[in-house]
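To keep things clear, I will list the structure first and then write my remarks on it.
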Amino acid sequence: MLFRQCFNFLFLSIVVLLVTPASAQTYRPEYRLSCVLGSGFPWGQAAERWAELVREQTQGRIQIRLYTGASLVGGDQTREFPSIQQGVIDLAVGSTINWSPQVRELNLFSLPFLLPDHRAIDVLTQGPVGQALFSIIERQGVVPLAWGENGFRELSNSRRPITAPADMKGMRFRVVASPVFVDIFNALKARPMLMSWADAQPALAEGLVDGQENPLVVYSAANMQRNAQKYLTLWRYVADPLIFAVNSQVWSSWSEQDRQIVRQAARQAARENIERVRGEQPGGEAAQWQQLEASGVSVTPLGPAQRAAFVRATRGVYEKWRGTIGADLVDRAERAIAAR
Ligand code: X2X
């Protein structure tokens with residue numbers, strides 16, 4: 001009798017487990033999406049767009065709340081990746097720069113002067129190199145879905161026009177707390193100051209640092225010219241792709257149909273984000289920096305010989321980091337770029 005009751009109970013439990021849709025058990029009322037920049041920037045707009053598409057297309061089954069300023073990690077943007085791994089963050093639109101302290105292969109995009117143009121970024125992110133990077137991230141418990149873009153990073157400062165490495169000597173530049181940037185700015189004999197984005201704003205305003213590096217869209221939206229960042233050098237030394245990603249446990253708690261929706265929504269938001277970032281720079285940024293010049297910013301585009309001097313000065317850093325990133329991966333990237 002007892003045996004029979006036990007058996008019935010077990011049988012029933014198994015049936016209940018099998019027929020209950022995963023959604024009834026595992027969907028949470030809300031998911032946390034982390035982003036460094038807010039809605040005043042294309043990056044923050046991309047995160048908002050992703051959340052909105054997912055909400056609409058899942059008929060509200062997946063509600064995503066956006067936390068800007070990397071607030072889920074107290075503003076410490078280089079802690080974003082481990083926090084997605086641990087589930088403190090459910091989703092993120094994160095920068096390769098901010099995740100590279102943990103995912104060393106992502107330093108690829110920070111190899112100085114590897115990427116000459118947008119096409120070079122695309123052959124990496126949209127090709128086998130991008131797939132290899134996504135597999136590496138996935139093995140670390142984070143499911144990457146699409147590549148977006150923060151932009152090519154340019155150099156600004158409050159002191160003087162920079163046309164040669166010697167102009168940077170002794171100048172204090174705020175950089176993201178990622179070791180490759182320390183190496184690059186040290187090689188240029190400048191003084192790198194490691195700081196989060198949140199701390200960078202007051203530091204620039206108060207003149208605690210002389211300069212910074214960020215894409216033009218960020219420079220403009222953050223009104224950096226008002227923070228005395230009056231000299232701008234267009235050197236495109238590194239690019240800053242974004243990755244739309246989900247914590248792997250959250251990902252597997254969703255139905256197959258909803259995963260497809262989240263993936264497609266990430267791709268759409270990423271596509272629109274890249275168009276927006278690049279669309280604001282028609283004709284190779286010319287229109288945008290001419291506008292900045294009209295507003296009193298001194299813009300210095302580097303000619304080929306000037307650029308070559310920066311390439312030479314940072315070559316040692318490039319070679320040092322080739323090994324850290326993985327010589328194979330860097331070789332593949334170089335070949336893809338050469339053949340673009
Ligand atoms: O901190 C920065 O400079 C920013 C906003 O561009 C990144 O998060 C990489």
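A compact table of results
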{"read-out": "Subset tally (residues that are surrounded by fewer than 21 Cβ atoms within 10 Å (Cβ to Cβ) and assigned to a loop (DSSP other than H, G, I, E, B)) for the range 63-78", "value": "6"}
{"read-out": "Of all residues in the range 178-206 being within 12 Å of the ligand (Cβ to nearest atom) and part of a loop (DSSP other than H, G, I, E, B), the one that is farthest from the chain's Cα centre (by Cα)", "value": "MET195"}
{"read-out": "Helices (runs of 4 or more DSSP H) (entirely within the range 89-177) containing at least 3 residues that are crowded, with 24+ Cβ neighbours inside 10 Å and within 16 Å of the ligand (Cβ to nearest atom)", "value": "96-99"}
{"read-out": "Top-ranked residue of the range 245-270 - restricted to ones that are without any contact (Cβ under 8 Å) to a residue 12 or more places away in the chain and charged (D, E, K, R), ranked as nearest to TRP99 (Cα to Cα)", "value": "ARG259"}
{"read-out": "Boolean, GLU256 is surrounded by fewer than 18 Cβ atoms within 10 Å (Cβ to Cβ) and at pLDDT below 95", "value": "no"}
{"read-out": "Contacts under 7 angstrom Cβ, first residue in the range 67-82 being free of Cβ contacts under 8 Å to residues at least 40 places away in the same chain, partner open to solvent by 60 Å² or more (accessible area, probe 1.4 Å) and near the ligand (Cβ under 10 Å from one of its atoms), 6 or more apart", "value": "none"}
{"read-out": "Matching option when the condition is within 14 Å of the ligand (Cβ to nearest atom) and either of a type in the set (Asp, Glu) or assigned to a loop (DSSP other than H, G, I, E, B) (or both), among VAL218, VAL238, VAL209", "value": "VAL209"}
{"read-out": "Residue list for the range 41-62, restricted to those being β-branched (Val, Ile, Thr) and part of a loop (DSSP other than H, G, I, E, B)", "value": "THR58, ILE62"}
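The values are calculated or read from the model by the stated rules, or taken from the named source; none is laboratory data. Given the structure is predicted, the values throughout are model-derived calculations rather than measurements. Neighbour counts run over all protein chains shown; Cβ positions are idealised from the backbone, glycine included. These area figures cover heavy atoms from the full protein model, side chains too; ligands, DNA and RNA do not enter into them. Shrake-Rupley method; radii C 1.70, N 1.55, O 1.52, S 1.80 Å.
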